[in-house]
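First the structure, in the form of structure tokens, and then the observations on it.
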Amino acid sequence: MATLNINGQDHNFDVPADMPLLWVLRDVAGLTGTKFGCGAGLCGACTVHLDGEAVRSCQTAVSDAVGHKIATIETVGATPQGAAIQKAWLDLEVVQCGYCQSGQIMSATALLKANPKPSDSDIDDAMSGNICRCGTYRRIRAAIKQASAA
């Protein structure tokens with residue numbers, strides 16, 4: 001039995017210790033905002049926060065998440081940085097197909113929490129692990145800049 005603190009609440013899960021956190025979030029807890037992309041930690045679609053840091057949930061075992069605070073896209077808007085990012089995403093119509101966007105927003109929010117006024121280089125570095133097949137990178141950078149100015 002694993003107890004995970006997800007979005008501020010403790011939940012008990014009877015799952016294997018080596019199960020990827022992504023599957024617990026999506027298939028067991030029903031939090032489908034976190035997306036499955038590559039399954040190898042390369043695309044960033046599955047990004048969640050573990051104690052405020054962006055991590056790939058497809059590469060994080062349940063046992064590694066026990067005792068940490070997990071935040072998903074479902075509650076990212078409850079933080080000032082997450083709310084600013086979501087507003088900027090809407091203002092600048094960042095989303096195209098949308099599949100990668102929850103991971104993009106989670107990474108962008110973690111960036112602003114760690115660095116409230118990121119440079120273009122800081123943004124490129126922080127977002128380099130999130131792939132967008134639609135190529136919305138320029139709008140993503142502009143949205144992060146707008147959110148950082150809020």
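The values are calculated or read from the model by the stated rules, or taken from the named source; none is laboratory data. Note that the structure is predicted; figures quoted are calculated from it, not measured. Reconstructed Cβ throughout: ideal geometry from the backbone, glycine too, with neighbour counts over all protein chains shown. All accessible areas refer to the heavy atoms of the entire protein, side chains included, with ligands and DNA or RNA removed. Shrake-Rupley method; radii C 1.70, N 1.55, O 1.52, S 1.80 Å.
What number does the range 2-93 give for Rg over Rh if you use C-alpha atoms and the Kirkwood radius? Reported Rg/Rh, Kirkwood definition of Rh: 0.98.
Neighbours of L4 by Cβ distance under 13 Å: Lys/Arg scored +1, Asp/Glu scored -1, total -3.
P(r) tail, the range 80-150: Cα-Cα pairs separated by more than 20 Å, 14% of all pairs.
Within the accessible surface of the chain, defined with a 1.4 Å probe on protein heavy atoms only, the carbon and sulfur portion equals 52 percent. Legend: distances between Cα atoms for K69/K117; K87/K145; K35/K117; K35/K145; K69/K113; K87/K117; pairs beyond 19 Å are K69/K117; K35/K117; K35/K145. Kyte-Doolittle cut-off 1.0, length cut-off 27 Å along the helix's own axis using Cα: show which whole DSSP H helices in the chain pass. Sorted by number, there is nothing, because no helix extends far enough and scores high enough.
Rounded to the nearest 20 debye, the dipole magnitude of the chain is 500 debye, with +1 charges on Lys and Arg beta carbons, -1 on Asp and Glu beta carbons, and the Cα centre as origin.
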